[in-house]
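Student: First the structure, which I've put down as structure tokens, then a few questions once you've had a look.
The values are calculated or read from the model by the stated rules, or taken from the named source; none is laboratory data. Given the structure is predicted, the values throughout are model-derived calculations rather than measurements. Cβ atoms come from the backbone with ideal geometry, glycine included; neighbour counts cover every protein chain shown.
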């Protein structure tokens with residue numbers, strides 16, 4: 001399911017984390033609506049493959065968003081964007097007493113400080129927007145998910161601060177539930193449906209991307225946290 005957003009036609013859109021998963025789905029949908037796409041990611045090989053697949057003049061930037069100097073330099077050199085979406089994250093989970101401290105710190109750095117740095121240095125055109133991604137763990141924390149849950153909750157708080165500080169740039173956050181991505185499969189969570197989930201299936205990257213681009217395209221939306229979790233909050 002690929003949803004095009006004609007309202008993004010001709011707009012400059014940056015997706016940080018756009019080489020795979022939800023970010024790639026966002027980039028593809030925005031490009032299908034005529035957006036001028038830039039995607040940023042850490043892995044040069046996956047980045048090049050994603051740019052080639054998107055086509056339409058899309059460009060790529062190798063970027064580690066936890067590197068403050070590199071993020072600042074990239075965003076200072078680039079022309080202002082109309083819309084920026086940050087989906088990138090490298091997450092590790094485990095019980096607090098078992099998970100290596102370095103892994104816990106890297107998870108929080110990726111999920112929270114990366115988007116923070118993008119927000120700090122980004123430049124926007126008039127009527128611009130920034131859309132961040134948290135996750136269901138932020139409001140439904142579980143054992144073994146400490147750093148992920150804390151970072152997701154922090155991103156949602158940051159969203160509201162940024163919506164106030166960056167106005168008239170609009171800032172929103174989408175909170176996905178289980179989504180069928182390579183990251184989910186690599187984590188060993190599989191694609192099994194949680195008991196009692198109302199929609200009775202796992203979400204797709206394209207479904208989450210639809211909501212992310214809806215936030216970007218809606219000029220009256222800012223400071224919002226939007227759940228797209230198949231009803232997980234009801235279980």
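Student: Out of 75, 91, I need the residue that is at pLDDT below 95, out of contact with any strand residue (DSSP E or B) (no Cβ under 8 Å at 6 or more places or on another chain) and under 27 Å from residue 222 (Cβ atoms). Which one?
Tutor: Unique residue meeting the criteria: 91.
Student: Ok, one more. Suppose we filter 133, 85, 171 for residues that are closer than 17 Å to residue 208 by Cβ, touching a helix residue (DSSP H, G or I) at 6+ places or on another chain (Cβ under 6 Å) and touching a residue at least 24 places away in the same chain (Cβ under 8 Å); which single one remains?
Tutor: Details: 133 fails: touching a helix residue (DSSP H, G or I) at 6+ places or on another chain (Cβ under 6 Å); 171 fails: closer than 17 Å to residue 208 by Cβ.
Matching residue, one of 133, 85, 171: 85.
Student: Scan the strands (runs of 3 or more DSSP E) fully inside the stretch 39-144 and keep the ones with 3 or more residues being within 26 Å of residue 165 (Cβ to Cβ).
Tutor: Numbers: elements: 59-62, 81-86, 124-133.
Once the strands (runs of 3 or more DSSP E) in the stretch 39-144 are filtered for at least 3 residues that are within 26 Å of residue 165 (Cβ to Cβ), what remains is 81-86, 124-133.
Student: Here's something else I'd like to know. Is the stretch 164-180 home to any residue that is in a helix (DSSP H, G or I), at pLDDT 90 or above, over 15 Å from the mean Cα position of the chain (by Cα) and more than 19 Å from residue 5 (Cβ to Cβ)?
Tutor: yes
Student: Looking only at the stretch 10-33, count every residue that is at pLDDT 95 or above, outside any strand (DSSP E or B) and surrounded by fewer than 21 Cβ atoms within 10 Å (Cβ to Cβ) and tell me the total.
Tutor: Counting residues in the stretch 10-33 that are at pLDDT 95 or above, outside any strand (DSSP E or B) and surrounded by fewer than 21 Cβ atoms within 10 Å (Cβ to Cβ) gives 1.
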